[in-house]
Amino acid sequence: MSRTRAVALLVATRNPGKLREIRTLLPECGGDIIGLDAYPGLVLPPEADTTFVENAVMKVSAAARLTGLPAVADDSGLEVDVLGGYPGVRSAIFAGEHAGDGANNQLLLDLLMDVPDERRTARFVCAIAWGKPGQQPKVTVAYCHGRVLRVPRGTHGFGYDPLFYYPPAGLTFGELSPAAKNAVSHRALALQAARPGIMGMLDDNPGVVRENR
Ligand code: ITT
């Protein structure tokens, strides 16, 4: 049955790369996904230095409470084995609060300069949390294993993608097409596990009507 859409699912992110991928990975929601760019004045509490799960839950709770919308949040990052899991939850601000992807990638390369190839193993981690205002959020976590290269390769994706070599493809995430990354990434796997919960949340919400039910 095709029905008129009434609302939106809020994705509690200001990262356009994440938002683009999550839109593609939740095709059932079509164009009804909005990001925090729709709420320029909305300020979420600062992220903790603890775990991806804690940060994702904090972001989704605050976003749902402040907007009244059902929401999804993504907290993710790169854990590098030889750095004891760093940058981890600090991935976005590794080189400084407003340093950006280029400086983060350069800092990573500098720190790993003398590390041989076989010890450059790393994993992307993604925690996806979802919830409605006033409800305890649910959360899933997934991983994608690879290796940090010595020079960036490829222009797709965002963040550390050009440095993240994914052995099963023989390419970096920066070289994979968006569709190929979305078939295997930490974000894709976490959303795959979260999908039934997210869709159930939307079905339960009287304000939200999905198409093609
Ligand atoms: P929001 O909190 O607004 O969602 P953010 O970028 O600050 O945006 P995080 O705190 O979760 O989000 O940090 C995620 C960082 O981890 C991101 O900025 C990248 O540096 C890195 N990262 C996560 N997923 C990635 C991916 O798929 N490809 C490349 N880098 C990724």
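Quick notes on this one:
- Residue match in the stretch 80-88 (condition: closer than 22 Å to R153 by Cα and within 10 Å of the ligand (Cβ to nearest atom)): yes
- Scanning the stretch 75-90 for residues that are more than 13 Å from the chain's Cα centre (by Cα) and touching a residue at least 40 places away in the same chain (Cβ under 8 Å) turns up E79, V80, D81, R90.
Conditions (1) under 25 Å from P196 (Cβ atoms); (2) part of a loop (DSSP other than H, G, I, E, B); (3) without any contact (Cβ under 8 Å) to a residue 40 or more places away in the chain; (4) within 10 Å of the ligand (Cβ to nearest atom), marked per residue:
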| residue | (1), (2), (3), (4) |
| --- | --- |
| E28 | yes, no, no, no |
| I34 | yes, no, yes, no |
| L69 | yes, yes, no, no |
| A73 | yes, no, no, yes |
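- Test for V60: is it in contact with a Phe, Trp or Tyr (Cβ under 9 Å, 6 or more places away or on another chain), outside any loop (DSSP other than H, G, I, E, B), more than 17 Å from Q136 (Cβ to Cβ) and not small (G, A, S): no
- Scanning the stretch 34-50 for residues that are under 18 Å from P70 (Cβ atoms) and surrounded by 16 or more Cβ atoms within 10 Å (Cβ to Cβ) yields a total of 5.
- Residue match in the stretch 92-104 (condition: more than 13 Å from the ligand (Cβ to nearest atom) and within 24 Å of A12 (Cβ to Cβ)): no
- Here C29 meets each of (1) surrounded by 18 or more Cβ atoms within 10 Å (Cβ to Cβ); (2) at pLDDT 95 or above; (3) closer than 23 Å to K181 by Cβ with one exception, condition (2).
- Residue within the stretch 185-200 that is away from the ligand (no atom under 13 Å from the Cβ) and over 27 Å from V53 (Cβ atoms) present: no
- Residue match in the stretch 108-115 (condition: within 12 Å of the ligand (Cβ to nearest atom), of a type in the set (V, I, T) and at negative phi): no
- Some residue of the stretch 142-158 being within 12 Å of the ligand (Cβ to nearest atom) and at positive phi: yes
- Just one of the listed residues (G68, G96, G85) is in contact with a strand residue (DSSP E or B) (Cβ under 6 Å, 6 or more places away or on another chain) and over 25 Å from S177 (Cβ atoms), namely G85.
The values are calculated or read from the model by the stated rules, or taken from the named source; none is laboratory data. Keep in mind that this is a model prediction, so the values were computed, not measured. Note: ideal-geometry Cβ built from the backbone for every residue, glycine included; neighbour counts use all protein chains shown.
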